[in-house]
1. Please identify, among 31, 108, 144, the residue showing maximal mean-square fluctuation in a Gaussian network model of the chain using a 10 angstrom Cα cutoff.
2. Where Rh is the Kirkwood radius over the Cα pairs of the stretch 2-160, the temperature 4 °C and the viscosity 1.567 mPa s, what D in µm²/s does Stokes-Einstein return?
3. Computed over the Cα atoms of the stretch 26-107, what is the ratio Rg over Rh, Rh following Kirkwood?
4. When 42, 146 are ordered from fewest to most other Cβ atoms inside 10 Å of their Cβ, what list results?
5. Suppose we take every Cα in the stretch 87-132 and form the convex hull; what volume per residue is that in Å³?
6. Compute the length gained on full extension between residue 111 and residue 71: take 0.36 nm times their separation in residues and subtract their Cα-Cα distance, giving the result in nm to one decimal.
7. What percent antiparallel are the DSSP beta bridges of the stretch 2-160, to the nearest 5?
8. In a GNM of the chain with a 10 Å cut-off on Cα contacts, which of 93, 78, 50 has the highest mean-square fluctuation?
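Coordinate-derived values only; no laboratory data. Bear in mind the structure is a predicted one, so any value in this text is a computation, not a measurement. Cβ sites come from the backbone with ideal geometry, for glycine too, and all protein chains shown count toward neighbours.
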């Protein structure tokens, strides 16, 4: 497996992977599929300093990771929200672990100090993956998302790269 900077030609696959997670109500707060066109601004807002990276296996995109602004104030520039999305046909094959390792490696290169993952509290597989890799619970936002007339809570997990360098 390898990662590379996402290119515009990858956006269709990125959106397809993202949309495949919506119905489960486990991964994203979107309740309807998104279009490639609706994600163009989001795609272009990412740059070398906060990239979207695709994960390739045998030259096929099987997932993607991203770094996003946590809070648009200068004091938070070294803190980012991280996301991992894996193609449903490739889940359970170690790609999630590869993705977390890559997030941490790239974070050092990009000089980030804190990684934050916002995960639905009922998404125990994702929470376990992040906790297994040194992320700790920073907090929980109870019943902040409503989907299908049901409330869902959000767990915030964090990882410190190196606070003092």
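1. Of 31, 108, 144, the Gaussian network model singles out 144 as fluctuating most.
2. Working: Rh = 16.1 Å.
The estimated diffusion coefficient comes to 80 µm²/s.
3. We get a ratio of 0.97 for the stretch 26-107.
4. 146, 42
5. Considering the Cα atoms of the stretch 87-132, their hull volume per residue is 90 Å³.
6. Contour length minus Cα-Cα distance gives 12.7 nm.
7. So the antiparallel bridges in the stretch 2-160 amount to around 90 percent.
8. Maximum fluctuation in the GNM of the chain, among the listed residues, is at 93.
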